[in-house]
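Visitor: Structure in structure tokens, see below.
Computed from the coordinates by the stated procedures, all read-outs in this text should not be read as laboratory data. Fair warning: this is a prediction, and the values are worked out from it, not measured in the lab. Ideal geometry is used to build each Cβ from the backbone, glycine not excepted, and the neighbour counts take in all protein chains shown.
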């Protein structure tokens, strides 16, 4: 099933992690990219979101930077093949504190379904950019995020004991999360952890594009060089946490309408009564509290309409509704809050299709309920719908069924920082390299 092994990671030599690390590339906007780049000349954003410079295209510039950083000792490679253990302590939006433990290893690449399962659809343009960068620098900057079943808690016990000693590095990010990292070189513990996961299926939480990019890079490298099995490009950088860890948190992704066709709010609310019990609430804070108290995966929604009191919508199942949901989605997907929201509210009442390209023009997404409310109350949009999050068990069921979720169905929190440890998948290419 899942084959993990230790590796010689590249890490920053300087203990200035707050200035050097960054969120994953896909959650960094243009303004944040500039702020991170200005924070330090060696911030990892210069590698993961490179820009053209000195007559070089973006990918060539990243390769030139990486060569310089390695030559100057900005990045140093660990001498001993290791696993890297990561403990994260963080606060949820409601103020509750959680912690999550996991390990970072090299994961043997395999086609989807052979020990590793996705839950999202990927898009070619994103993968093309990541593949061009990986061809240029040969270095993976942040791990894919995977979950492994651990019903008896053995993986969590191993990690808890291994983290009893002081960490090697501690990093506090801009959202207040504390990330503590250990380099683990004990052969017995490495063997125990890798063996523990050898018979497990891994479920990808975040990093679908990076995993498929690594598969494409593997094929490209195999065409370039003749190597024995288990070359570095046959593996990718992966983080593994226990599926049952209470710190595995999926935040909801609320839908904000940018614009809506003309409609009669009262008629719209009356139409919703075919599928939902509707409860008007006193104010927006009451709605946020009501949604936050619901269990993950519950088919309950919060509706914010301009000029109206907030409404709590609770699904009232009936056979005709079931037929509508199953006509739109396979069985495991039809139970997701985002699928119910799309099939019974966004599609029929707002005319918003399920195609991600369409949704990008009509919707905005946020995990912050108050930001969703403010979107409407400050006049930036006509409506917002709050939703409950997908549960880890729902994710597992749809992955086991080889299904994919609707867009923006999961937001795993906290994210894994880029730059904690790098994996060498291949060589850094000469600056004259053409990634096409």
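Visitor: Over the Cα atoms of segment 301-345, each weighted equally, I'd like the Debye log10 I(q)/I(0) at q = 0.23, 0.29 Å⁻¹, rounded to two decimals.
Guide: Relative scattering, expressed as log10 I(q)/I(0), comes to -0.79, -1.05.
Visitor: I want to check the label-to-label distance for residue 37 and residue 157. Put each point 7 Å from Cα in the C-beta direction and report it in nm to one decimal.
Guide: Here the modelled spin labels are 5.0 nm apart.
Visitor: From the square roots a ≥ b ≥ c of the eigenvalues of the alpha-carbon gyration tensor of segment 254-409, which class results: rounded (a/c under 1.5), prolate (a/b over b/c), or oblate?
Guide: Values: a/c = 1.44, a/b = 1.42, b/c = 1.01.
Rounded.
Visitor: Share of Cα-Cα pairs in segment 53-209 beyond 18 Å, in percent?
Guide: On the way: 8543 of 12246 pairs.
That tail contains 70 percent of the Cα-Cα pairs.
Visitor: Here is a further query. Which residue, 229, 14, 367, tops the fluctuation ranking in a GNM of the chain built on C-alpha contacts under 10 Å?
Guide: Looking only at 229, 14, 367, the largest GNM fluctuation is found for 229.
Visitor: Take the Cα pairs of segment 345-436, get the Kirkwood Rh, then feed it into Stokes-Einstein at 37 °C and 0.692 mPa s and tell me D in µm²/s. Write out the running numbers ahead of the final one.
Guide: Details: Rh = 17.4 Å.
My calculation gives 189 µm²/s for D.
Visitor: Separate question: Taking a ≥ b ≥ c as the square roots of the eigenvalues of the Cα gyration tensor of segment 173-234, is the shape rounded (a/c under 1.5), prolate (a/b larger than b/c) or oblate?
Guide: Values: a/c = 1.96, a/b = 1.32, b/c = 1.49.
Taking the square roots of the gyration eigenvalues as a ≥ b ≥ c, segment 173-234 is oblate.
Visitor: Compute the distance in nm between two label points, each set 7 Å from the Cα along the Cα-to-Cβ direction, one at residue 91 and one at residue 222.
Guide: 4.9 nm
Visitor: Roughly how many nanometres apart are two label points built 7 Å out from the Cα toward the Cβ at residue 99 and residue 331?
Guide: Here the modelled spin labels are 4.0 nm apart.
Visitor: Take the chain, connect every pair of alpha-carbon atoms lying under 10 Å apart with a spring to form a Gaussian network, then pick out the residue of 281, 181, 197 with the largest mean-square fluctuation.
Guide: 281
Visitor: Moving on to the next point. Whole angstrom only: what separates the Cα centroid of segment 48-64 from the Cα centroid of segment 264-295?
Guide: Centre-to-centre (Cα) distance: 50 Å.
Visitor: If contacts are Cα pairs under 8 angstrom and at least 6 residues apart, what is the relative contact order of segment 292-436 in percent?
Guide: Details: 139 pairs, mean separation 45.1, N = 145.
That works out to 31 percent.
Visitor: Determine the gain in length on full extension of the stretch residue 365-residue 16; use 0.36 nm per residue of separation and subtract their C-alpha separation, reporting nm with one decimal.
Guide: Details: separation 349, 0.36 × 349 = 125.64 nm, distance 3.25 nm.
Value of the extension gain: 122.4 nm.
Visitor: With 10 angstrom as the radius, rank 293, 226, 82 by how many other C-beta atoms surround their C-beta, starting from the fewest.
Guide: On the way: 293 11, 226 7, 82 20.
Going from sparsest to densest Cβ surroundings: 226, 293, 82.
Visitor: Multiply the residue gap between residue 314 and residue 172 by 0.36 nm, knock off their C-alpha separation, and tell me the result in nm, one decimal place. Don't skip to the answer; put the middle values down first.
Guide: Values: separation 142, 0.36 × 142 = 51.12 nm, distance 3.87 nm.
Between residue 314 and residue 172, full extension yields an extra 47.2 nm.
Visitor: Got a sec? How would 236, 194 order by Cβ neighbour count within 10 Å, fewest to most? Provide the component values of the computation, followed by the final result.
Guide: On the way: 236 25, 194 17.
In order of increasing Cβ crowding within 10 Å: 194, 236.
Visitor: Could you compute the FRET efficiency for residue 126 and residue 263, with r as their C-beta to C-beta distance and R0 at 35 Å, rounded to 0.05?
Guide: Details: r = 34 Å, r/R0 = 0.98.
So the FRET efficiency works out to roughly 0.55.
Visitor: What is the chain by shape, rounded, prolate or oblate, if you read a ≥ b ≥ c off the alpha carbon gyration tensor as root eigenvalues and call it rounded for a/c under 1.5, prolate for a/b larger than b/c, and oblate otherwise?
Guide: Details: a/c = 1.86, a/b = 1.66, b/c = 1.12.
Prolate is the answer for the chain, as a/c is 1.5 or above and a/b outweighs b/c.
Visitor: Order by neighbour count: 135, 408, fewest other Cβ atoms within 10 Å first, most last. Let's see the in-between values first.
Guide: Details: 135 22, 408 19.
Exposure proxy ranking, most exposed first: 408, 135.
Visitor: Follow-up. Once the cut-off is 21 Å, how many percent of the Cα-Cα pairs in segment 236-336 end up in the long-distance tail? All intermediate terms of the calculation are to be shown ahead of the outcome.
Guide: Numbers: 2558 of 5050 pairs.
Result: 51 percent of Cα pairs exceed 21 Å.
Visitor: Sticking with this structure for a sec: Dividing the alpha-carbon Rg of segment 1-139 by 2.2 N^0.38 Å yields what?
Guide: On the way: Rg = 17.2 Å, N = 139, 2.2 N^0.38 = 14.3 Å.
In units of the globular-protein estimate, segment 1-139 measures up at 1.20.
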